[in-house]
1. Would you confirm whether any residue within segment 103-110 is surrounded by fewer than 19 Cβ atoms within 10 Å (Cβ to Cβ) and within 26 Å of K40 (Cα to Cα)?
2. When you scan segment 219-229, do you find a residue that is part of a strand (DSSP E or B), within 16 Å of L159 (Cα to Cα) and out of contact with any Pro (no Cβ under 6 Å at 6 or more places or on another chain), even just one?
3. Find the residue count for segment 49-81, including only residues that are surrounded by fewer than 17 Cβ atoms within 10 Å (Cβ to Cβ), under 18 Å from the mean Cα position of the chain (by Cα) and among the aliphatic types (A, V, I, L, M).
4. Within segment 140-169, work out how many residues are more than 13 Å from T125 (Cα to Cα) and at pLDDT 90 or above.
5. Which residue out of A118, A78 is in contact with a strand residue (DSSP E or B) (Cβ under 7 Å, 6 or more places away or on another chain) and at pLDDT 90 or above?
6. Please count how many residues of segment 46-59 are closer than 25 Å to R143 by Cβ and either not in a loop (DSSP other than H, G, I, E, B) or not aliphatic (A, V, I, L, M) (or both).
7. Being part of a helix (DSSP H, G or I), polar (S, T, N, Q) and farther than 18 Å from L159 by Cα is the filter here, so list the residues in segment 60-109 that pass it.
8. Among (1) outside any strand (DSSP E or B); (2) free of Cβ contacts under 8 Å to residues at least 24 places away in the same chain, where does D132 come up short?
Amino acid sequence: MIKVDALEFAYGKQQVISDLSFEANVGEVIAVVGPNGCGKTTLFNLIMGAYKLSGGIITVNGQNIDQLSSWERSQLLACVPQNPDSPQGFTVGELVMMGRNPYMSLIDWGKTEDFFIAEKALSRTGLTDYIDRSIDHLSGGERQSAFIAMALAQETQILLLDEPTANLDLRNQAILMSLIKEISRENQATVIMAMHDLTLAAQWCDKLVMLLNGTVFAEGLPEVILTADNINLVYDTKVEVQYSTEGNIPIIFNKQK
């Protein structure tokens, strides 16, 4: 379980995050949504320790993550940014093995168990046949899947994904989101994703956290949060919300002018 409580953060004099609070329980898949500049990526950077909080606290299973070493934090949290930097010349297999770094030392690098876990992550993401392929020769979607496999190999309790479906076509979006749902249930992992596609988020996520100006505007079930009034206000655009015949999933349409 991760609890974000009353977070504050500013770039110089510009307040970016203000009194931001929410909880994500074990096994939940949560989408953090909101317009560009609302604080989604900053929130992820705060959770991962890339930025220092101005106020508030983040806990994982009751532990204040600011009091953990980077090594300890990396055993609890894994993050895949939207456009991760690729180590040049690495193969997919080598990249995924990097996910085992928090558990290995220079003396005891790459035990059989670590290779087994990395191979399992490759299999789960459909990349087994790509193990010896250079990352430089992957498509955008394949590259995204490789970094998600690396995060899976890290075997953390919390998985942060920044726009995980951004480079994927419709078929591979469904495959990836189904995999994320499986992982959350089978591994009892908490998955928090920053997403722009509200319909996709509604279809696959247990809960939405909608941000506006660096704070939580609304939080709850997709069918409760994704109303035309909420979206119109938060995104400053006119939409129409309809519902699927199966599952009552909100489907969002932009209104034509």
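1. No, there is no match, as no residue in segment 103-110 is surrounded by fewer than 19 Cβ atoms within 10 Å (Cβ to Cβ) and within 26 Å of K40 (Cα to Cα).
2. no
3. 1
4. Number satisfying all stated conditions: 10.
5. None of the other options fit; the residue is A78.
6. Within segment 46-59, residues that are closer than 25 Å to R143 by Cβ and either not in a loop (DSSP other than H, G, I, E, B) or not aliphatic (A, V, I, L, M) (or both) number 3.
7. The one that is part of a helix (DSSP H, G or I), polar (S, T, N, Q) and farther than 18 Å from L159 by Cα: Q67.
8. (2)
The values are calculated or read from the model by the stated rules, or taken from the named source; none is laboratory data. Keep in mind that this is a model prediction, so the values were computed, not measured. Using ideal geometry, Cβ is built from the backbone for each residue, glycine included, and neighbour counts are taken over all protein chains shown.
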